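First the structure, in the form of structure tokens, and then the observations on it.
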Amino acid sequence: MKKDRAPQIPYQSLAPVYDYVMRHVDYDEWASFLHSIFLRYAPETKHLIDLACGTGNITNELEKIGYELTGVDSSESMISIAQQKTLVDGSNNEFIRRDIRELNGIGYFEGAVCVYDSLNYLLETSDIADALAQVCNILNPGSLLVFDVCTERNSVTYFSDLSDQEQGPGFKYKRRSYYNKESRLQYNEFDIMFDDDDTNYHEEHIQRIYSLKDIEGQISTCNFTLIGVFDEFTFNTGSEDSNRVHYVVRTPENK
């Protein structure tokens with residue numbers, strides 16, 4: 001008999017199964033699109049920081065293209081798995097546990113990426129401002145930051161009330177996703193059960209779905225120059241009618 005649910009901080013019990021759960025994601029496509037952005041707007045960029053890097057999937061794909069990478073994530077469990085991959089793959093990527101609102105002292109970089117709606121996990125505009133200010137401080141003058149956010153259209157269309165379950169090697173999980181339009185909060189709840197453990201682990205992931213106006217206000221506050229607002233994986237103009245919007249911003253030439 002399974003024990004009652006054991007609450008977990010986000011990405012703790014999910015970390016060991018994350019790559020399986022997300023195996024539908026084309027990380028090569030993500031990396032190729034990011035590469036096309038840097039080729040267009042900052043072609044000399046080589047040394048990147050991957051913010052909220054998770055288990056390092058996009059980090060590793062960008063290295064294959066030729067970038068030097070440092071990955072940071074606030075989850076110790078996710079960073080541990082990313083580090084294990086470097087031992088298996090023989091990559092030179094460095095992975096550090098760090099909250100993206102606390103980046104001081106980790107060095108200077110030629111560019112930064114923060115993808116897969118990671119900024120949506122920051123639940124207040126003040127958190128967005130703190131994160132952008134920290135990123136600005138660790139980038140060289142004139143460097144690019146590329147990040148994306150999910151829109152309300154995406155939540156309403158795909159995650160208003162979604163439930164699924166699946167069994168993988170050594171585990172099974174149930175997931176429920178729902179969107180509160182009034183609070184603009186997106187909830188993703190996981191119940192994870194491992195074959196060799198009689199505990200039912202429960203995680204609740206919460207994202208705030210910001211308006212693009214709110215995001216662009218924080219970009220302006222942090223003195224970034226807005227280069228482009230793009231509809232997902234294209235250079236077409238992004239809007240509230242997009243499901244995902246990619247932002248390309250540049251740090252001041254003189255900081």
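The values are calculated or read from the model by the stated rules, or taken from the named source; none is laboratory data. What you see is a predicted model, and the numbers here were worked out from it, not measured in a lab. No Cβ is skipped: glycine too gets one built from the backbone with ideal geometry, and neighbour counts run over all protein chains shown. Just so you know, the surface numbers come from the protein's heavy atoms only, side chains and all, with ligands and any DNA or RNA stripped out. Shrake-Rupley method; radii C 1.70, N 1.55, O 1.52, S 1.80 Å.
Please specify each residue of the stretch 181-201 satisfying the condition of being on the phi < 0 side of the Ramachandran plot, within 21 Å of the chain's Cα centre (by Cα) and either open to solvent by 20 Å² or more (accessible area, probe 1.4 Å) or of a type outside the set (A, V, I, L, M, F, W, C) (or both).
Passing the criteria: L185, Q186, Y187, N188, E189.
Kindly list, by first and then second residue, each pair from a residue in the stretch 19-45 that is surrounded by 14 or more Cβ atoms within 10 Å (Cβ to Cβ) to a residue that is of a type in the set (V, I, T) and part of a helix (DSSP H, G or I), limited to pairs with Cβ atoms under 8 Å and residues at least 6 apart or on different chains.
Every condition considered, the pairs that remain are D19/I81; Y27/I58; W30/I58; A31/I58; A31/I65; S32/I65; L34/I58; H35/I65.
Can you tell me which residue within the stretch 56-76, out of those that are surrounded by 20 or more Cβ atoms within 10 Å (Cβ to Cβ) and among the hydroxyl-bearing types (S, T, Y), is nearest to Q8 (Cα to Cα)? Working first, answer last.
We begin by selecting, within the stretch 56-76, every residue surrounded by 20 or more Cβ atoms within 10 Å (Cβ to Cβ); these are 56-63, 67, 69-73, 75.
Restricting the remaining residues to those that are among the hydroxyl-bearing types (S, T, Y) gives 59, 67, 70, 75.
Values: T59: 26, Y67: 34, T70: 27, S75: 12 Å.
By that ranking, first place goes to S75.
Is there a residue being in a strand (DSSP E or B), of a type outside the set (G, A, S) and touching a helix residue (DSSP H, G or I) at 6+ places or on another chain (Cβ under 9 Å) anywhere in the stretch 209-224?
no
Suppose we filter the stretch 235-255 for residues that are open to solvent by less than 60 Å² (accessible area, probe 1.4 Å) and either under 29 Å from P141 (Cβ atoms) or assigned to a strand (DSSP E or B) (or both); how many remain? Let's see the steps before the verdict.
Within the stretch 235-255, the subset open to solvent by less than 60 Å² (accessible area, probe 1.4 Å) is 238-239, 242-252.
Next cut, either under 29 Å from P141 (Cβ atoms) or assigned to a strand (DSSP E or B) (or both) only: 238, 244-252.
Adding up the residues that qualify gives 10.
Pairs only if they're at least six apart or on different chains, beta carbon under 9 angstrom, first in the stretch 98-116 and without any contact (Cβ under 8 Å) to a residue 24 or more places away in the chain, second open to solvent by 60 Å² or more (accessible area, probe 1.4 Å); list them, first residue then second.
From residues that are without any contact (Cβ under 8 Å) to a residue 24 or more places away in the chain, there are no pairs.
Just to be sure I understand, how many residues within the stretch 213-231 are open to solvent by 70 Å² or more (accessible area, probe 1.4 Å) and either among the hydroxyl-bearing types (S, T, Y) or touching a strand residue (DSSP E or B) at 6+ places or on another chain (Cβ under 8 Å) (or both)?
Residues that pass the stated criteria total 4.
When residues of the stretch 93-105 are filtered for being over 18 Å from S80 (Cβ atoms) and out of contact with any helix residue (DSSP H, G or I) (no Cβ under 6 Å at 6 or more places or on another chain), how many remain?
Of the residues in that region, 3 qualify.
Report, ordered by the first and then the second residue, all pairs with beta carbons closer than 7 Å, sequence separation of six or more or different chains, a first member in the stretch 128-140 that is modelled with pLDDT of 95 or more, and a second member that is of a type in the set (D, E).
From the stretch 128-140, the pairs are Q134/E102; N140/E110.
How about the stretch 107-160: which of its residues are surrounded by fewer than 19 Cβ atoms within 10 Å (Cβ to Cβ) and part of a strand (DSSP E or B)?
N140, P141, G142
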